[in-house]
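The values are calculated or read from the model by the stated rules, or taken from the named source; none is laboratory data. Predicted model, so just to flag it, every value in this text is computed and none were measured. Glycine gets a Cβ as well: all are built from the backbone with ideal geometry, and neighbour counts include every protein chain shown.
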């Protein structure tokens with residue numbers, strides 16, 4: 001089945017540690033996205049990539065980093081510089097020039113202890 | 001930059017009744033898409049309905065329909081014959097098209113929590 005796989009679903013981290021969230025898609029989509037969801041805030045864009053080896057900052061990129069070495073993979077690293085990392089993280093993808101519909105993974109819940 | 005505003009943080013509706021969720025947006029673009037996404041308690045985001053800005057006809061998908069007013073920058077979602085499975089967060093979203101900064105990015109509103117009451 002085609003889709004987007006995020007892992008892990010739940011992650012606990014101590015303060016000062018970096019963690020990496022995985023996002024893999026087998027939909028052959030060009031563009032991939034990372035969103036952060038907090039209660040009452042909707043979804044806010046962290047980073048996005050429209051092509052391999054290229055990515056752009058979204059609205060809240062500080063304290064995060066990404067890479068796009070392969071078309072199907074777009075991992076997100078939450079660094080120790082991110083001041084409030086506890087949140088729900090959603091990965092998405094779409095085909096450029098298509099219907100515009102974003103397909104989402106099931107999300108990763110990060111909790112900083 | 002685009003902004004999307006959902007003015008109703010929470011709403012409730014009786015099963016089988018009709019409910020309308022409001023959304024307004026601000027943009028200087030002429031070519032864009034608008035979306036309603038649903039996020040049930042499982043937190044899986046699901047596309048409900050989509051509207052191309054160049055189309056005057058309002059989109060419909062079974063029990064879901066929109067009222068798209070381009071001049072007023074308004075994009076409301078009507079759910080008819082509400083079902084218990086419609087209980088979810090609903091997000092309105094905007095996507096700028098074509099090339100240039102910000103294209104093919106989805107900007108979300110803060111969401112409306114809809115509860116369907118038996």
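Could we say that residue A:64 is at the interface with another protein chain (Cβ under 8 Å from one of its Cβ atoms), modelled with pLDDT of 95 or more and touching a strand residue (DSSP E or B) at 6+ places or on another chain (Cβ under 9 Å) here? Full working, then the answer.
On the way: at the interface with another protein chain (Cβ under 8 Å from one of its Cβ atoms): no; modelled with pLDDT of 95 or more: yes; touching a strand residue (DSSP E or B) at 6+ places or on another chain (Cβ under 9 Å): yes.
When the stated conditions are applied, residue A:64 does not pass them.
Does segment B:28-49 contain any residue that is away from chain A (no Cβ under 14 Å) and over 10 Å from the mean Cα position of the chain (by Cα)?
Residues of segment B:28-49 that are away from chain A (no Cβ under 14 Å), as a first pass: B:28, B:30.
Filter again for over 10 Å from the mean Cα position of the chain (by Cα), leaving B:28, B:30.
Yes: segment B:28-49 contains one or more residues that are away from chain A (no Cβ under 14 Å) and over 10 Å from the mean Cα position of the chain (by Cα).
Identify all residues within segment B:1-15 that are within 10 Å of chain A (Cβ to nearest Cβ) and either under 14 Å from the mean Cα position of the chain (by Cα) or assigned to a strand (DSSP E or B) (or both); write none if there are none. Full working, then the answer.
If we filter segment B:1-15 for residues that are within 10 Å of chain A (Cβ to nearest Cβ), which is where we start, we get B:1, B:4, B:6, B:9.
B:4, B:6, B:9 - these are the residues of segment B:1-15 that are within 10 Å of chain A (Cβ to nearest Cβ) and either under 14 Å from the mean Cα position of the chain (by Cα) or assigned to a strand (DSSP E or B) (or both).
Any idea how many residues of segment A:56-113 are under 28 Å from residue B:48 (Cα atoms), part of a strand (DSSP E or B) and under 13 Å from the mean Cα position of the chain (by Cα)?
16
Is it the case that residue B:57 is at pLDDT below 95 and in contact with a strand residue (DSSP E or B) (Cβ under 9 Å, 6 or more places away or on another chain)?
Details: at pLDDT below 95: yes; in contact with a strand residue (DSSP E or B) (Cβ under 9 Å, 6 or more places away or on another chain): yes.
Criteria met by residue B:57.
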